[in-house]
Each structure stands twice: as C-alpha cells, then as structure tokens.
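Here is the structure we will look at, set down as structure tokens.
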Amino acid sequence: MDATLVLGPDEAFLLAPDTVYPVTIDPTQALGLLGDTFVQRNIANTPQGGATELLVGTYNGGGQVNRSLLVFDASPAFERVVQSATLSLWEHHSFSCTPRWVDIRNAGWFDPATVTWNSQPWIDWRPEGILANANVASGYSSACPDAWVNFDMTGWVQHYADARNDTDWMMPLAVTAGSETDSLGWKKFHSGNAGGNVPTLTFAYDGNCDQYNGVLVCGAIRDKYYSSGGPEGPLGMPATSQNCGARDGGCFNHFQGGSIYWTSTTGAHVVAGAIRQKYAALGWEYSALGYPTTDQNCGARDGGCFNHFQGGSVYWSAATGAHMVAGGIREKYAAIGWEYSALGYPSTDQICGGRDGGCYNHFQGGSILWSAATGARAVTGGIWQKYAEMKFENSVLGYPTTDQNCGARDGGCFNHFQGGSIYWTPAHGAHPVTGPIRATWADMGYEYGWLGFPTTDPAQVAGGTRQQFEGGNIVRDERSNTTTVGAGALTRPTQFQRVTQARTELQATAKIRPGGSSYDGVRFQWRSYSLNPSDGWINVDPVALRLPEGGAVVGTWLPVTDGTAARCRPATSGMPPRAFRSMG
C-alpha cells in the first residue's frame, strides 16, 4: 500500500533567522501498550484486569489506596538515539482542582490479567526511583477539565535503548500518588480498555543514527552496516562512534570485524581482514590509497579478496598476503586482467625506491616495473626469471620498454629493455641479447633471420664477447671494435652451404721433404671464426678437394712440385679461397 506523509512544520520556525537548513525532522514512534491495570488495598486479592480506568492515590485519607500498573513493548527504542520520550495519560477525574504530584516509578514485571494488591510487583520507592512526575489536577470541573497529563520519560527510554544496560524488551511502570494519605491526590485516568484517549508512550529519535552500547553509527555508514548484516553480520558490533573529522570531510566507523569508510564522492564501503590491516599500516585514508571505492570482494581467483581505493588497490590471497598496487603499475595490472592474468596476485607492495626513481610490484608470476621514461611494463615467466637472475632494472638491461610479447617465431616470447632484450623459446629457455651483438642481430631480422633464437647467454672470450644462436654465433671483438657473424659449430662445409670468409678461418700445414730443404706436400685445416686460440682446427678431407684438371687428390697430402703447391679448388662450391699460412 502506498502512503503519503505530509509534514506541516510551524511557519514561524521555518522563518526564524536562527533556523539552519537543511532542516531534519526526527521521527516519532510509539511503544506498544502490552497491558495495564490497577491494584486496590481493600480488595487485596481481586484482579482488576480489563478495567477501563486506572486509579491512583486515596480519597479517604489513606483508607483505600490505589496504584496503577502499565507495561510497554520497549523493543522499538532499542539501539535508537532517543531525543525525547513522553508518557501521556488522560486524566478524567481528580479530587479537586488543587494540583497534586503523580509519580511514574520503576517496577517489576507483572501479569495485567492476574495481578492483585497482594501480588503486586516490586516498586522502586526510593527518591531516585521516580522516573518522571507531574503536579496536576484535571477532570474535577470546568475549571480544571479532563486533559492529557504528560510525563517526560526521555531518560528512561534512553536507558532502555542502550544495550549496555541489558534491559528486557518489556518496560513495566507503576503510577503512584505523591502522597498516599492525601485525599487531594486522588485521580482517575483512562486505561487501555477505555473507548478512547488510552495511555501512550511515544519517543522521538535521531533518524540518521543508531547506537550500539553507546556507540553511534549514522547515515550512509549505518545503511551499509545494516546491508552487511548489522551486529549479526561479519562486522559484528561497532568499536568506535562515527568519526567525521577525516580527510576531505569523510567519516568512518571501526567495528569488531572491519571498518566502513564514507565520503560524498565514494559512498560507504567495507574494508576488513588482512586488507584492512594493510590499509591501516599504510595510514588509512591519509595514505596514497585514499578512500575505498568498493566493498571488500572475496569472490576472486583462488579464494582471494580485494578492495579498490581512490589511489590504488589492495589484493590478498592465502599464498601471498595483502599487498598494495597503485598508479601506473595498477593501470597495467588492470589492463592485463588483474589476478586472472599470468601475473596472479601481488607478492610485494608497490616499491618506489628503484633505479632512476622507478617503481615495481612483484607478483606470483612476474613483475610490473615502471619508470618515467618507459611507463609500466609486465615481465613474466622464463623471461622474468632471467631478468631476476640479472638483478632486474639494476642490470645492464635497465627497465622494460615493452610488455612481454609471445607472438614471436616458433612460439617464442620476448621483452625489449632499455639496454637490450630477453628472448625465450621452449627449446632454449630465456637469454639476454645486448649491446653491439643485439644491434647486429636486429639488423639481421632478430629471430626471423638465419641465426634464429639465442641459445646461450653472452659469454666472455679473449678480446670480447660471443653469443651462440640456433644458426651460428655473433662475436664482438673489443680490440678491433668489430662485430662478426660466425657459422656456428660446423663439422665441415657441405655442398651448397654458404660459408663466408667472415664466418670461417682456413690454414695450411706444409710437409717438409726428407732432409728439410723443401716441402713436398700441404694439408688444409679450417674452423669457425673465433677469438679463442684454443679452439681446435679441423682437417679438410682431401676427397673434398679437386685438382684444376679435375682429378682427385690422392692420399692425405696435396702434392707440392718444385716447392709450389699444386693448385686446387674445394669440391664444395661456395667456399671462397683464403690465403694460407705455412705451419712448417
């Protein structure tokens, strides 16, 4: 059923110069009357349940004494921040128009249907037992007609509202005369069984706040608290009152099981568990994270949890703990799929003490590194392991300039860096390529050239550096400031195999005639180009040689006539001639 609530506040209040807008109207609610009755001394064992009147005091100097009892359902006031409360009784008879005190006292529980004078509940007769009172006289004559008598019950309803007082949900009250021997105090009120003007106990409360054990939870934080399960939910009971002196005008409450933070721009969001501990360690809303922009979400990969914040995110898993990701690194992490990417969960907080002012986060499956010059780039898998082995950005490689790319030839992957590259293949693993060797390899088409992928890391050799590739090697000679490409580990050149001078060394060994005066034979040897003198030479099989006349060389040595070696050509086309040096 739809209903329209029309509020008609006093015009003078709205126009008053000291009225501050917006105006908040606190709601009012009535406590349900569970029952009422009276007891009378001269009918000490007769219950009066169902009577339409509530009798108080004496009309004959104490000969007959009456007391009335009421019980209300106090549960609607529980946890409310009570602003005011009023008990209203309709007085329709008094002994005279001379006012006399009527007291509302604390009482024990009773059954309205069966209670009698002799079984009446405990009543607190101490002066402090008076919860409220009024000095009135109504209903005697037109000079003091029937009227409502109002008792200020604010303090007592507040007492019931505060769970720390451990009160029952039923609120029993006794209505007694200020003097039970003064006939002027004789009064009659309507009971709950009367045709109208029955007893009421109403209270106004702060519609924006509730309290738990005296701790206030208000507004959007209160709404979030209730939607998260309230005291019975994972947050449990509030541990602090709402604090609205936070950064940028924000507010927060801490609870047994977490916190709720609110700002006008982010709304109210829950932070709990290890993520909350990390948030606290970083400085709460005063950290680079700022305020949360999402509730804690624990439906992530492998049972992990996360919160997003204004300035970053905190991710948690059982394997990694809680860690912060922020700035450009967070943007990259988001772009590649958060925890569902190859990176998995962060295993460190973001650390910004890197080389050249850079930052990084390590993750389960890799790292994201950022610098002002390169931006944020991801490195994963075998390339990441090799990069770590080389001391990350503090190596010759510096920071990555690309994300890992696995669209290379034969299923390979690579990252380019400020100072080089790392290439990976299933067959050869990950190897860095740097400096002039990388420049030469790049000119040849990287892995798409005839050298293919690197198969080793760069190795120091005499005078420089050599690196092996699938199809050969590249050597950097620092002595001559040259970079050359070699054929790799060949047993011997084969027919139609192209072997360039730059890739192959040849030498000849002369055989001395008996007596040592001249030579009668020569033998050829070759090896891949090398800077290492210890690399062995390989004999050229004579069957691979042909004499100019087309005949084959017979024996191990090429014959020498008159001190001159017979001319020959290699049987393998494509091997160029090379000047020989005597080894006699």
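With a 1.4 Å probe and all protein chains kept in place, how do 26, 166, 124, 223 rank by accessible area, largest first?
166, 223, 26, 124
Could you work out the relative contact order of the chain, using alpha carbon pairs under 8 angstrom and six or more residues apart, expressed as a whole percent?
7 percent
Working out 0.36 nm times the residue gap between residue 208 and residue 122, then minus their Cα-Cα distance, what length gain in nm do you get to one decimal?
27.2 nm
Across all directions of projection, what mean area in square nanometres is found for the Cα convex hull of the stretch 237-331?
The directionally averaged projection comes out at 6.1 nm².
Per residue of the stretch 308-313, what does 6.51 cos²θ - 1.76 cosθ + 1.60 with θ = phi - 60° give for ³J(HN,Hα)? Whole Hz please, x for Gly and Pro, Karplus curve as stated.
Calculated HN-Hα couplings, in order: 8, 10, 4, x, x, 9 Hz.
Leaving ligands and nucleic acids out of the surface, order 187, 511, 386, 391 by accessible area at 1.4 Å, largest first.
The ordering from most to least exposed comes out as 391, 511, 386, 187.
Tell me, what is the FRET efficiency for residue 168 and residue 405 to the nearest 0.05, using R0 = 56 angstrom and their Cβ-Cβ distance as r?
Calculated value: 0.20.
Provide the gained length on full extension for the span residue 418 to residue 246, in nm with one decimal, where the gain is 0.36 nm per separating residue minus the Cα-Cα distance.
57.6 nm
Can you tell me the dipole magnitude for the chain around its Cα centre, using point charges on the Cβ only (Lys, Arg +1; Asp, Glu -1), in Debye to the nearest 20?
Its charge dipole is roughly 4380 debye.
If you take every residue apart from residue 286 with its C-beta less than 12 Å away from the C-beta of residue 286, what net charge results, scoring Lys and Arg +1 and Asp and Glu -1?
With Lys, Arg at +1 and Asp, Glu at -1, the neighbours total -1.
In nm, what is the difference between 0.36 nm times the number of residues separating residue 460 and residue 154 and their Cα-Cα distance?
101.2 nm
With a 1.4 Å probe and all protein chains left in place, how much of the accessible area of the chain comes from carbon and sulfur atoms, in whole percent?
Of all accessible area on the chain, carbon and sulfur atoms account for 52 percent.
At a 10 angstrom cut-off on C-beta neighbours, averaged per residue, how do the peptides 147-154, 433-440, 172-179 rank from highest to lowest?
172-179, 433-440, 147-154
Quick check on the stretch 73-145: what are the equivalent-ellipsoid semi-axes from the Cα gyration tensor, as sqrt(5λ), descending, whole Å?
Over the Cα atoms of the stretch 73-145, the semi-axes work out to 26, 19, 14 Å.
What longest region of the chain stays clear of GluC sites (Glu not before Pro) that DSSP places outside H, G, I, E and B and that have at most 14 other Cβ atoms within 10 Å?
1-477
Taking the Cβ of residue 315 as the center, what net charge do the other residues with Cβ under 12 Å away carry, scoring Lys and Arg +1 and Asp and Glu -1?
So the environment of residue 315 carries a net charge of 0.
When the scattering of the stretch 325-387 is computed by the Debye formula from its Cα atoms alone, each counted once and equally, what is log10 I(q)/I(0) at q = 0.12, 0.20 Å⁻¹?
Debye output, listed in q order: -0.24, -0.68.
Relative to the Cα centre, what is the charge dipole magnitude of the stretch 60-132, using +1 at the beta carbon of each Lys and Arg, -1 at the beta carbon of each Asp and Glu, and rounding to the nearest 20 debye?
180 debye
Quick one: Kirkwood hydrodynamic radius for the chain, alpha-carbon pairs, angstrom, one decimal?
33.6 Å
Which is farthest toward the positive dipole end of the chain among 141, 101, 78, measuring Cα position about the Cα centre, with Cβ charges +1 (Lys, Arg) and -1 (Asp, Glu)?
Farthest towards the positive pole: 78.
Count charges around residue 231 for me, please; just the other residues with Cβ under 11 Å from its Cβ, Lys/Arg as +1, Asp/Glu as -1.
Summing Lys/Arg as +1 and Asp/Glu as -1 gives -3.
Round to the nearest 10 and give me the degree value, 0 to 90, for the angle of helix 273-282's Cα axis relative to the longest principal axis of the chain.
80 degrees
Have a look at 536, 150, 269 and report the one farthest towards the positive end of the charge dipole of the chain, computed about the Cα centre with Cβ charges (Lys/Arg +1, Asp/Glu -1).
536
Determine the per residue accessible area of the stretch 214-341 with all protein chains present and a 1.4 angstrom probe, expressed in square angstrom.
41 Å²
In debye, nearest 20: dipole of the stretch 261-413 around its Cα centre with unit charges on the Cβ of K, R (+) and D, E (-)?
For this selection, approximately 120 debye.
The values are calculated or read from the model by the stated rules, or taken from the named source; none is laboratory data. The structure presented is a predicted model; accordingly, all values stated were derived computationally and were not measured. With ideal geometry, Cβ positions are generated from the backbone for all residues, glycine too; neighbour counts draw on all protein chains shown. Just the protein is used for accessible areas: all its heavy atoms, side chains included, with ligands, DNA and RNA removed. Shrake-Rupley method; radii C 1.70, N 1.55, O 1.52, S 1.80 Å.
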